[in-house]
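Below is one structure, written out as C-alpha cells, with a few remarks after it.
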Amino acid sequence: MDTCACPVHGPPGYTLTELMVVLGILGVVLGLGGLWFSSQLPYYRLNGVVRQIRADLLAARAQAVKKGNEVRVFFTDAQHYDILNDVNNNGRADPGEPVEPRSILEEFPGVAIESNNNPIFYPRGTASSLATIRVSNVSGEKAITIGITGRVKVAAP
C-alpha cells in the first residue's frame, strides 16, 4: 500500500492555486473562442440563407416536373418569399392552390434578399427567364442565378 497520510506530504490532490490557474486559462480560451464565433456568425447566416433558397428553388423545379404544372417563386420583400404551385398556370394564387410562405427573418437576422425576377419553373424542368437573387449582409454578398434551362447556381458576385 502506497497511501501516505503523513503530515509532510499531505493528502493527494490539487491545490487551490493550481485550480485557479487552470480555470483562468480556460476562461481566457473560452472568451477568445466566443469572440471569434460571434465575428463569424454573419458569414454563417449568409451561407445558411443561400443554402435554404437554393434548396427551395431546386424543390420547386422538382415539384413542377413531378406535378406537371408551373411552380412560381415570388420574392415579396427583403426577408420573405412564397412558392406557388400554380395548378391552372394563370400566374396568381387562386383558392385551392397551395402557397408555401418562406421567411428568413427569425432564423437569419440581418440578411436581405433582392431578386431581379420572380422565377417560374415549367413541367419540363426549364425556367421562365434568367433570374438573379442577391443575398447580402455585413459579411458580404452572394448571388443565386437561375438559367433558362432551370439550373440553379450559387456564385459570389
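The values are calculated or read from the model by the stated rules, or taken from the named source; none is laboratory data. A quick note: this is a predicted structure, and the numbers were derived from the prediction, not measured. Note: ideal-geometry Cβ built from the backbone for every residue, glycine included; neighbour counts use all protein chains shown.
Which one of these is among the charged types (D, E, K, R), farther than 24 Å from K153 by Cβ and at pLDDT below 95: E100, E106, E114, E70? None of the other options fit; the residue is E106. Restricting the range 113-137 to residues that are touching an Asp or Glu at 6+ places or on another chain (Cβ under 8 Å) and farther than 21 Å from R45 by Cβ leaves a set whose member that is surrounded by the fewest Cβ atoms within 10 Å (Cβ to Cβ) is P123. Checked against (1) more than 21 Å from G140 (Cα to Cα); (2) modelled with pLDDT of 90 or more; (3) not in a strand (DSSP E or B), Q52 passes all but a single condition, namely (1). The number of residues in the range 100-114 that are within 17 Å of the chain's Cα centre (by Cα) and part of a strand (DSSP E or B) comes to 6. Listed by first and then second residue, the pairs with beta-carbon distance under 8 Å, at least 6 apart or on different chains, first residue in the range 84-97 and part of a loop (DSSP other than H, G, I, E, B), second loosely packed, with under 12 Cβ neighbours inside 10 Å and modelled with pLDDT of 80 or more, are V87/G96; D94/N88; E97/N88.
Just one of the listed residues (G140, G147, G110) is more than 25 Å from Q40 (Cα to Cα) and not acidic (D, E), namely G147. In the range 138-157, the qualifying residues are those that are modelled with pLDDT of 90 or more and of a type in the set (S, T, Y), and the one that is surrounded by the most Cβ atoms within 10 Å (Cβ to Cβ) is T145. Residue-level analysis places E141 outside the set of residues that are acidic (D, E) and out of contact with any Lys or Arg (no Cβ under 9 Å at 6 or more places or on another chain). Residues in the range 79-97 that are at negative phi, at pLDDT below 90 and either loosely packed, with under 14 Cβ neighbours inside 10 Å or of a type in the set (A, V, I, L, M) (or both): V87, N88, N90, R92, A93, D94, P95. For E107, the criteria (1) of a type in the set (D, E); (2) closer than 23 Å to V87 by Cβ; (3) touching a residue at least 40 places away in the same chain (Cβ under 8 Å) hold in every case but one, which is (2). Count of the range 115-157 residues, restricted to those that are over 17 Å from T76 (Cβ atoms), part of a strand (DSSP E or B) and aliphatic (A, V, I, L, M), is 6.
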